[in-house]
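Q: I am attaching a structure below and will ask some questions about it afterwards.
What follows is calculated from the coordinates using simple rules that are stated; it is not laboratory data. Note that this is a predicted model, so its numbers are computed, not measured. Glycine gets a Cβ as well: all are built from the backbone with ideal geometry, and neighbour counts include every protein chain shown.
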Amino acid sequence: MRPLPRKSDPLRDTAADVVLIGYQDQGNLGMGYLAAVLQEHGYVVDMVDIRDGAESIASGLIGRPPLVVGFSLIFQYFLPRYRHLATMLRNVGVTSHFTIGGHYPSLCHDELLRNFPELNSVVRYEGEQTLPELVDRIRDGGDWRQISGIAYLADRDIVVTEPRPLVHDLDTLPFPYRPYEPEQIGGYKTLPLLASRGCARRCSFCSIHTFYRTAPGKVVRARKPEKIVEEMLSLQQRFNARVFLFQDDDFPLWGNAGRRWADELIGRIQDSGLTESTVWKISCRGEYVEPELFSRLRDAGLFLVYMGIESGVDQGLKILHKEMTVEQNLAAIRTLKEIGIQFSYGFMLFDPSSTFDSVRENVGFLRKIVGDGSAAATFCRMLPYGGTPIRDHLAKEGRLRGDLTHPDYEFLDTRLNQYYLLLDRAMAPWIHNDGISNEFNYALDEFQAMRRLVRGLEQTEVYGNELRSLIGEMNERLFRLVEESSFLFESGDRSLINPEETKAYVDQARARLVRARNNFVAENIYRLMEPVSQDCASGPVMAPQVH
Ligand code: B12
């Protein structure tokens with residue numbers, strides 16, 4: 001997805017005091033909160049997308065270097081891009097203080113500082129309290145090395161100061177700064193927000209719990225429902241936002257406390273009238289999905305649930321420490337289908353315990369959940385990111401491979417190493433970020449949002465069935481290709497899937513998808529233009545573009 005168009009203010013004549021640089025696919029909330037807190041301290045802040053490219057970013061900074069450049073690294077494998085940018089900035093004489101934050105920097109500050117000499121410091125864990133203090137010290141020419149919550153290289157030694165506690169009450173934070181045009185789903189302005197931070201579980205491949213557990217403070221904190229609804233209303237007012245993406249790691253629905261919290265949130269969303277004009281997405285564990293609660297969440301606007309299912313094999317769920325069973329995930333999917341909530345999922349077809357049999361068993365699981373075309377088949381390979389238990393486990397076993405930015409491992413059955421590489425290359429047009437599976441899921445999300453936000457749509461049955469049969473057909477083709485190639489490869493036949501053939505399937509499928517979608521949009525163009533309700537302040541919704 002292209003970087004979000006920025007609403008920066010080129011006319012502002014003052015240089016920014018702090019420039020935050022990060023990945024902004026759906027609007028980077030981490031940077032948004034940092035910027036809002038810095039603004040409360042009277043600082044001028046710029047937020048820049050790392051994908052704007054080193055040259056363009058450097059050209060914006062050379063003439064008016066800020067006090068601090070803050071790199072936000074949410075994806076470890078983006079590190080080379082930051083290094084390239086930082087080196088370029090230093091080479092053109094930018095002497096600002098360079099600091100960095102995020103999961104990997106917080107959990108692997110030592111290896112990062114030793115391999116990224118352009119950095120002055122790392123801000124560990126949540127930066128809302130540490131960063132303003134760091135900027136104050138630098139502005140005042142004070143000694144920033146004394147503040148807590150940082151790490152830095154002193155000659156050859158790594159110095160780590162007192163860890164900074166996590167923000168105790170998230171509702172003391174200002175709403176995140178959003179200097180960008182929202183992305184859109186089906187023409188509807190779409191914005192991310194957070195209802196909570198942290199996750200109580202300990203999945204071995206995930207750095208979230210290690211991040212929030214190693215910092216002092218409560219591992220999981222939820223915001224007050226009234227504050228969440230207040231923010232949703234302010235975003236609807238300001239951006240005409242109609243779709244909200246809750247970016248919580250695990251929407252806080254567990255236990256009696258989670259239940260009471262959800263009841264209050266549902267009540268407040270309904271009282272606010274947001275159910276008339278908005279829909280929202282959450283991410284949560286399948287074990288919380290139960291018909292009664294999720295039916296009420298649906299009626300309050302929930303239209304899409306993302307679940308980190310990750311494996312359809314008990315052995316896989318064990319090594320990933322998901323503390324869930326295959327049956328629990330199947331039950332969650334069944335419930336969501338029965339009550340009419342769209343789902344999406346994360347899935348690791350390959351993990352360190354993989355065998356040819358487990359790959360095929362996982363395909364069998366995918367066939368059970370999306371063989372009907374209810375969502376696109378998608379999968380990836382588990383990567384042992386920094387700060388995760390699985391990385392330490394693989395290192396102990398002597399199976400860790402790759403480097404700082406692309407950590408990797410050897411499979412127990414070493415034939416799988418080459419099989420994975422060949423399969424990944426052949427599957428790229430299908431399952432990579434810009435693959436057909438993502439386009440299928442986008443079309444399903446868009447369709448569900450339209451159905452919830454627009455009354456009297458025509459041909460929904462026809463288009464719904466077209467989508468499901470096309471996606472079901474393509475999913476089955478993908479499953480067959482993986483199964484057949486795995487047997488071939490296992491029997492020593494290296495003649496694999498022909499990437500050209502795969503590409504041809506995908507191109508045909510894309511053409512069918514665009515045709516079906518454009519027919520549906522054309523059929524409903526005026527209804528899609530109508531405002532959902534008269535009191536929706538910001539007037540007509542732009543009709544989705546016909547590709
Ligand atoms: C939202 C999200 C996305 C969004 C993108 C969001 C965006 N910015 O555009 C989408 C859905 C696109 C996405 C995709 C992926 N994601 Co993702 N994503 C997240 C998620 C769930 C929330 C991020 C967030 O908003 N956090 C809340 C904010 C408040 O916290 P924060 O970002 O940590 O920021 C705080 C601190 O870290 C610190 N800080 C952060 N930056 C900075 C900078 C400075 C200067 C300072 C001082 C402090 C500081 O202060 C901030 C405020 O407290 C995180 C999990 C998580 N909890 O962070 C995973 C996460 C970042 N994603 C992850 C992964 C692996 C992916 C995918 C590769 C998954 C996949 N296989 O497809 C893809 C990659 C897509 C791509 N294009 O390459 C991993 C990254 C692991 C790693 N170490 O690299 C995470 C950590 C999840 C996990 N379970 O491990 N993701």
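Q: Let me have the relative contact order for segment 100-235, percent, based on Cα pairs under 8 Å that are six or more residues apart.
A: Relative contact order, segment 100-235: 21 percent.
Q: Oh, and also: Place a +1 charge on the Cβ of each Lys and Arg in segment 18-160 and a -1 charge on the Cβ of each Asp and Glu, then give the dipole magnitude about the Cα centre in debye, rounded to the nearest 20.
A: Once rounded to the nearest 20, the dipole reads 320 debye.
Q: Another one. Starting from the Cα of E264, move 7 Å in the Cα-to-Cβ direction to define the label point; list residues of segment 163-181 whose amide nitrogen is under 20 Å from there.
A: Only 167-175 pass the distance filter.
Q: Just from its helices, what would the mean residue ellipticity at 222 nm be for the chain, if runs of 4 or more DSSP H residues each count -39500 (n - 2.57) and the sum is divided by every residue, rounded to the nearest 500 deg cm²/dmol?
A: When only DSSP H runs of four or more count, the value is -14000 deg cm²/dmol.
Q: Another question about this same structure. Let me check against my output: what whole-number percent is the relative contact order of segment 255-377, with C-alpha pairs under 8 Å and at least 6 apart?
A: For segment 255-377, the relative contact order is 25 percent.
Q: Placing +1 on the Cβ of each Lys and Arg and -1 on the Cβ of each Asp and Glu in segment 181-529, which of L336, T214, L481 has its Cα farthest towards the positive end of the resulting dipole?
A: Sorting the options by dipole projection puts first T214.
Q: Can you tell me the relative contact order of the chain? Whole percent, Cα pairs under 8 Å, sequence separation 6 or more.
A: Details: 932 pairs, mean separation 62.6, N = 547.
This gives 11 percent for the chain.
Q: Let me ask you something else. Looking at the chain, what % of its DSSP beta bridges pair antiparallel, to the nearest 5?
A: The antiparallel proportion sits near 30 percent.
Q: Based on the alpha-carbon gyration tensor of the chain and its eigenvalue square roots a ≥ b ≥ c, which shape applies: rounded if a/c is under 1.5, prolate if not and a/b is larger than b/c, or oblate?
A: It is oblate, given that a/c is not under 1.5 and a/b is not larger than b/c.
Q: Write down the percent of antiparallel bridges among all DSSP beta bridges whose residues are both part of segment 18-160, to the nearest 5. Show your work: numbers first, answer last.
A: Details: 6 of 23 bridges.
In segment 18-160, approximately 25 percent of DSSP beta bridges are antiparallel ones.
Q: Which helices of the chain meet both criteria: a Cα extent of 15 Å or more along the helical axis and a mean Kyte-Doolittle score no lower than -1.0, with helices taken as whole DSSP H segments?
A: Helices meeting the span and hydropathy rule in the chain are 29-40, 79-91, 225-239, 255-272, 326-339, 356-370, 415-431, 436-453, 460-490, 499-523.
Q: Another one. Can you tell me the dipole magnitude for the chain around its Cα centre, using point charges on the Cβ only (Lys, Arg +1; Asp, Glu -1), in Debye to the nearest 20?
A: Roughly 100 debye, rounded to the nearest 20.
Q: Students often check this: by mean Cβ neighbours within 10 Å, which of 359-365, 524-530 ranks highest, and how do the rest follow?
A: Highest to lowest by the protection proxy: 359-365, 524-530.
Q: Across the chain, how many lysine pairs, 8 or more apart or on two chains, come within less than 22 Å at their alpha-carbon atoms?
A: The number of close lysine pairs in the chain is 14.
Q: Given a Förster distance of 25 angstrom, what is the FRET efficiency for A504 paired with T460, based on the Cβ-Cβ distance and rounded to 0.05?
A: It comes out at approximately 0.25.
Q: On full extension of the chain, what length is gained from L488 through F175, given 0.36 nm per residue of separation minus the C-alpha to C-alpha distance?
A: 107.2 nm
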